[in-house]
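Asks: Encoded as C-alpha cells, here's the structure I'll be asking about.
Taken together, the values in this text are just the output of simple stated rules run on the coordinates, not laboratory data. Just so it is clear, the model here is predicted, and its values are computed rather than measured. Cβ placement follows ideal geometry from the backbone for every residue including glycine, while neighbour counts extend to all protein chains displayed.
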Amino acid sequence: MEGGEGALALETGAEMIDYLVRRRVQMDQDELVWSVVAARFAQTDEYDAQGFVSPFACIKAMCHMSGGAVSARICAGEELERLDKSVAAVEAGEIGFAHFAQIANTSAKVGDRLDETTLLRHAGKEGVAKFRETCIHARHAADPEGVVEEEVQSVEMRELTLTDTDDGLVAVSGTLDKVGGAALRTALEPLAKRMGKDDRRRYPRRLADALVEFSMNALDRPNLQVTTSLETLLGLSGAPAAEMEFSLPISAKAVERLACDSSITRILLGSDSTVIDVGRSKRTVSGPARRALDARDGHCRWPGGCDRPAKSSAAHHVVHWTHGGSTDLSNLVLLCHRHHWLVHEGKWQLVRSDDGRMLAIPPATEFQRLPRGPD
C-alpha cells in the first residue's frame, strides 16, 4: 500500500487519530478533484468506446463503485464551480466530502435559491445523517413543490414482492416511500420488542414475527408521530419540511393529509427553545361522529367508485380545518388511503356540488397549462 508502512507503524491512539483526521482531509480534497473529472467525463462519449451504455455505467463498473456513489460525485463535480464557500470548507477540513455532496445535491435541486452560508453553518456542527435532513428542510423552504414531486415519484416506485421458495418459505422484498415506510415501522416496532430477558431472537427475526402478528390480528394501529411548525401545517411559503418518527422529513402536503384525521398537540417554544405552553386539540373524528360518518358513507366515497370499507378509510375534511373547515358531518367524507393521497399530494380536487354530489377534479395536464391564443 502506498504510504502504508508509515501509517501501520503508528503505535499510540493519539498518533492514529491524528493520522486519520489528516488523511481524511486529504481524501476529501481528492474527492473534489475526482468529482470534477467524473462530471467532465460524463460529457464525453468515451463510454461507448469502452463498451458501456452510459458514462454512469462506465464509471460504476470500471471504478468498482455503487450507483449512488457515482451519482453523488458527478453531481458534486457539476455544482462545484458555484459552491466556492463549500469547496473552501472542504479544503480547510471544516466539513467532509459527504457534507459537500449533500450541499451539491441541494444546489442542483434549488439553483439560485440555495442559502449556502446557512447550510455550511449547519454542516460544520452536524453529522452527515442529520445534515441530510437539514438539506431536505432547506429544499422544502426553497421549493416545496419540488419536494412534493419527489414524494409523488417515490410513491409510484412502491413495490412489494412475495415469492414462494422451493422449501415452502416466502421471500419478501420491496420498496416504500418515506411515509409508507414510517407507517410500517411504526406499526411493527412495538411488536418487535424483546419479550423478556430470555428472548434471544435477532432483530430481523423479531421484525418478521411482528409482521406476521400484525397481519394475523386485528390490533389497533399505533399513531404516526409528526412534528411540524405551524407554518408548515398551513403550507406557507418558505416553511421547512416536517419531522416524522422513523422517517426522513416529509412535505407540507403529506402533513396536510395526515392532519385530516388526527390528534394535535400544540407546543409553544420560546426563543431559547424552552417549552412555554402545551395544549391539545382533537381533529380525530371519533365516537358518535365517526359512527354517523361510517353509517352515512359506508365505504370510501370517491366519486369514481371505491368499495374500500369504512374501517379502512379516513375521515377527510372537504375544506381542510387549517383553512377554516369544520369537523361537522357536512364537511366530512370517507376516503381510502389511495384516494385520500390523491386529494392531497396527487393534486386532485374534491368538491361538493350544490346538489350535494361529490365531484373529483383531476390535476391540470401540461397541455392545459400551456398559454392559449385567441380562438
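Asks: Quick one: Debye curve from the C-alpha atoms of the chain, no solvent, what's log10 I(q)/I(0) at q = 0.15 Å⁻¹?
Replies: Debye curve over Cα of the chain, log10 I(q)/I(0) at q = 0.15 Å⁻¹: -1.42.
Asks: What three numbers, in Å, describe the spread of the alpha carbons of region 138-180 along their principal axes, ordered from the longest?
Replies: The Cα atoms of region 138-180 stretch 52, 15, 10 Å along the principal axes, largest first.
Asks: Moving on. How much length would be gained if the chain were fully extended between residue 17 and residue 189, taking 0.36 nm per residue of separation minus their Cα-Cα distance, in nm to one decimal? Kindly include the intermediate steps, with their values, before the conclusion.
Replies: Details: separation 172, 0.36 × 172 = 61.92 nm, distance 3.70 nm.
Residue separation times 0.36 nm, minus the Cα-Cα distance, leaves 58.2 nm.
Asks: With a 4.7 Å Cβ cut-off, tell me which Cys residues in the chain come up empty for a partner.
Replies: 58, 63, 75, 135, 260
Asks: Residues of region 86-129 with the amide nitrogen closer than 13 Å to a label point 7 Å from the Cα of residue 34, along Cα-to-Cβ, please.
Replies: Backbone N within reach: 97-98.
Asks: For the pair residue 198/residue 330, report the inter-label distance in nm, with labels modelled 7 Å from Cα in the Cβ direction.
Replies: The two pseudo-label positions are separated by 6.2 nm.
Asks: Which value at 222 nm does the chain reach when only helices count, each DSSP H run of 4 or more adding -39,500 (n - 2.57), with the total divided by all residues and rounded to the nearest 500 deg cm²/dmol? Walk me through the intermediate numbers first.
Replies: Details: 17 runs with 176 residues, N = 375.
It lands at -14000 deg cm²/dmol.
Asks: Does region 4-142 come out rounded, prolate or oblate by the C-alpha gyration tensor, with a ≥ b ≥ c the root eigenvalues, rounded set by a/c under 1.5 and, if not, prolate when a/b is larger than b/c and oblate if not?
Replies: Since a/c reaches 1.5 but b/c is at least a/b, the shape of region 4-142 is classed as oblate.
Asks: If you take the C-alpha gyration tensor of region 165-208, multiply each eigenvalue by 5 and take the square root, what semi-axes do you get, largest first, in whole Å? Could you put the intermediate results ahead of the total?
Replies: On the way: eigenvalues 92, 77, 7 Å².
Each semi-axis is √(5λ); the values are 21, 20, 6 Å.
Asks: How large is the direction-averaged shadow of the alpha-carbon convex hull of region 117-262, in nm²?
Replies: Working: hull surface 48.4 nm².
So the mean shadow area of the Cα hull is 12.1 nm².
Asks: Would you mind giving the average projected area, over all directions, of the Cα convex hull of region 285-375 in nm² with one decimal? Show your work: numbers first, answer last.
Replies: Values: hull surface 31.3 nm².
Quarter of the Cα hull surface area: 7.8 nm².
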